[in-house]
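Step one of this worksheet: look at the structure below.
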Amino acid sequence: MSVSSGTATGYTDLLTKLVAFLTAGPLSAPAQNAPTTAATGGTLAAATYYFVITALNASGETVASNERSIATTGATSTVTLSWAAVTGATGYRVYRGTAAGAESVYFAPGNVTTFTDTGAAGTAGAPPATNTAATGGGWTQLASDAGGGTYTEPQGGSISTIDADYYLKAPGLSGTEAIYVNLQAYHNVALATYNWRMRGATGYNASATFYAQPGTSPDAFLSLWNSSIPYTFVANAQRVIVIAQIGSVWESAYLGKFLPVGQPSQYPYPLMVAGTSSNPTTVYSNAGIGHHAFFDPNAAWVYWLDGSWQQFQNHDATYDTTTTVVNVWPWAFGLGNYQPSSILANLDGSYPLFRATLEMSTPAPNVLGFLDGVFFAPGQSLSSGSTITVSAQTYIAVQDVFRTGYNNFAAILEV
């Protein structure tokens, strides 16, 4: 899992940052400086010691840095090491050995760029042979264009100005898949819309327009603005989750594969593209029924087994969750008789988490799969952007757009 947080200057910069994050290569190995030694303060015996450094992130560890060696004297020596910071690293490991290329123990000093080896035993282990510190899941940008044209929206006929189109492909968890997601930034000054249009597809055709890609889905939209946007991206090789804070409103999107219940041969392309609206003119401040997070959706499109796209909705026009036939549990309770608002935090203050489940009630009750890394969390004493730790895993809390009730939160797995 790879995570990136920061602040974009607006809706187009947010898209640029997302694409850069998804398509970035792995972390670089650190560049190690010459070490120094002192004859007192430690327990290192007189010898020549060899050191390499690796960088860490949520996905894994880089290969080793350049190797450095230094000779110590006496029996109470220390060695101080330093290295250049690696952008995106969340920590480092320092490996020590007594022969060149044979480092066999390591220390984990945290997210720092200096370390003093006092002679402690360390943890047994050698630096990795391959770089597993991916930064965005290994996605590929197939094409992009700078926009500049216009598009007449089928819904209502408003005319949007296109700012940029991006065509992306993810490799999947196997590394050999082809998962297609297309993203567009557009605006309409008169309507105060500064949004994203998001579509799934079954392939890529360089000769086709954004709207005519192979097997393209209907539109899902993310309502943003052209001002400062704090964000978090959480990605792996098969999907990315976008979290964007627009003032007190939290916009979110899920783009890529979910985890199907069936075997790959039974459900070969379980793709979902979900935003917060199915209307191109929805603004971030809209407080209507049609403006919902991807996990309690009105704007989620799932690629169906017959090659069509099915819209998942948790709410009908009267806000009734019991009449929709394909939805996301437990925010929708079409297959049960309980209200998710009745689920509270545990007595010890911890939070029970429930997997976001794609379900259907017609023609027969069934479960299709689970959203990758998405869980229901009760909103009791919870606020967006706060973190939940369960079994040494960290989750970020996200509210349903402007809603902050007990049944309006998701927990997104970060690490």
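The values are calculated or read from the model by the stated rules, or taken from the named source; none is laboratory data. Just so we're clear, the structure is a prediction, and the values are computed from it rather than from any experiment. Here Cβ is always computed from backbone atoms with ideal geometry, including for glycine, and neighbour counts include all displayed protein chains.
Yes or no, residue by residue, for (1) in contact (Cβ under 8 Å) with a residue 60 or more places away in the chain; (2) under 30 Å from Leu142 (Cβ atoms); (3) of a type in the set (D, E, K, R); (4) in contact with a strand residue (DSSP E or B) (Cβ under 8 Å, 6 or more places away or on another chain):
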position	(1), (2), (3), (4)
Ser2	yes, yes, no, yes
Ser5	yes, yes, no, yes
Leu18	yes, yes, no, yes
Phe21	yes, yes, no, yes
Pro26	yes, yes, no, no
Asn33	no, no, no, yes
Ala38	no, no, no, yes
Phe51	yes, no, no, yes
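Taking the conditions exactly as written (more than 27 Å from the chain's Cα centre (by Cα) and surrounded by 15 or more Cβ atoms within 10 Å (Cβ to Cβ)), does Val19 satisfy them or not? No, not satisfied.
Okay, residues lined up against (1) in contact with a strand residue (DSSP E or B) (Cβ under 6 Å, 6 or more places away or on another chain); (2) among the hydrophobic types (A, V, I, L, M, F, W, C); (3) modelled with pLDDT of 90 or more:
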residue	(1), (2), (3)
Asp348	no, no, no
Phe354	yes, yes, yes
Thr357	yes, no, yes
Ser361	no, no, no
Ser384	yes, no, yes
Thr404	no, no, yes
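If only one of Ala206, Ala190, Ala185 is outside any strand (DSSP E or B) and under 24 Å from Tyr284 (Cβ atoms), which one is it? Break it down stepwise before answering.
Working: Ala206 fails: under 24 Å from Tyr284 (Cβ atoms); Ala185 fails: outside any strand (DSSP E or B).
Going through Ala206, Ala190, Ala185 in turn, the sole match is Ala190.
Say we look at the range 174-189 and pick out the residues that are surrounded by fewer than 16 Cβ atoms within 10 Å (Cβ to Cβ) and touching a strand residue (DSSP E or B) at 6+ places or on another chain (Cβ under 9 Å); which of these is nearest to Ala58 (Cα to Cα)? Here the residue is Ala178.
Does Thr216 count as at pLDDT below 95 and farther than 16 Å from Gly147 by Cα? Answer is no for this residue.
Pick from the range 23-40 the residues that are of a type in the set (A, V, I, L, M, F, W, C) and at pLDDT below 95: which of them is surrounded by the most Cβ atoms within 10 Å (Cβ to Cβ)? Reasoning before the result, please.
We begin by selecting, within the range 23-40, every residue of a type in the set (A, V, I, L, M, F, W, C); these are 24, 27, 29, 31, 34, 38-39.
Okay, now just the ones that are also at pLDDT below 95, so 24, 27.
Values: Ala24: 18, Leu27: 25.
Applying the filter and picking the extreme gives Leu27.
Screening Gly172 against (1) in a loop (DSSP other than H, G, I, E, B); (2) touching a Pro at 6+ places or on another chain (Cβ under 9 Å) leaves a single unmet condition, (2). Of the set (1) at pLDDT below 95; (2) closer than 23 Å to Ile246 by Cα; (3) not hydrophobic (A, V, I, L, M, F, W, C), all apply to Tyr395 but (1). Determine if the range 4-25 includes at least one residue that is assigned to a strand (DSSP E or B) and hydrophobic (A, V, I, L, M, F, W, C). So far as the range 4-25 goes, yes, one or more of its residues are assigned to a strand (DSSP E or B) and hydrophobic (A, V, I, L, M, F, W, C). Taken over the range 329-345, the residue count meeting the criterion of being at pLDDT 80 or above and among the small types (Gly, Ala, Ser) is 2.
For Ala85, the stated conditions do not hold, so it cannot be described as surrounded by fewer than 16 Cβ atoms within 10 Å (Cβ to Cβ), touching a residue at least 12 places away in the same chain (Cβ under 8 Å) and more than 30 Å from Gln245 (Cβ to Cβ).
Sort out which residues of the range 216-252 are hydroxyl-bearing (Ser, Thr, Tyr) and either over 22 Å from Trp309 (Cβ atoms) or in contact with a Phe, Trp or Tyr (Cβ under 6 Å, 6 or more places away or on another chain) (or both), and write them in order of number. Full working, then the answer.
The first filter runs over the range 216-252 and keeps only residues hydroxyl-bearing (Ser, Thr, Tyr), leaving 216-217, 223, 227-228, 231-232, 248, 252.
Ser217, Ser223, Ser227, Ser228, Tyr231, Thr232, Ser248, Ser252, listed by residue number.
Kindly indicate whether any position in the range 97-113 is touching a residue at least 24 places away in the same chain (Cβ under 8 Å), on the phi > 0 side of the Ramachandran plot and part of a loop (DSSP other than H, G, I, E, B). Yes, the range 97-113 contains a residue that is touching a residue at least 24 places away in the same chain (Cβ under 8 Å), on the phi > 0 side of the Ramachandran plot and part of a loop (DSSP other than H, G, I, E, B).
Looking only at residues in the range 41-64 that are of a type in the set (S, T, N, Q) and at pLDDT 95 or above, which one is nearest to the chain's Cα centre (by Cα)?
Within the range 41-64, the first condition is being of a type in the set (S, T, N, Q), and the residues that meet it are 43, 48, 54, 57, 59, 62.
Imposing the further condition that a residue be at pLDDT 95 or above reduces the set to 43, 48, 54, 62.
Values: Thr43: 44, Thr48: 44, Thr54: 23, Thr62: 20 Å.
The extreme case among them is Thr62.
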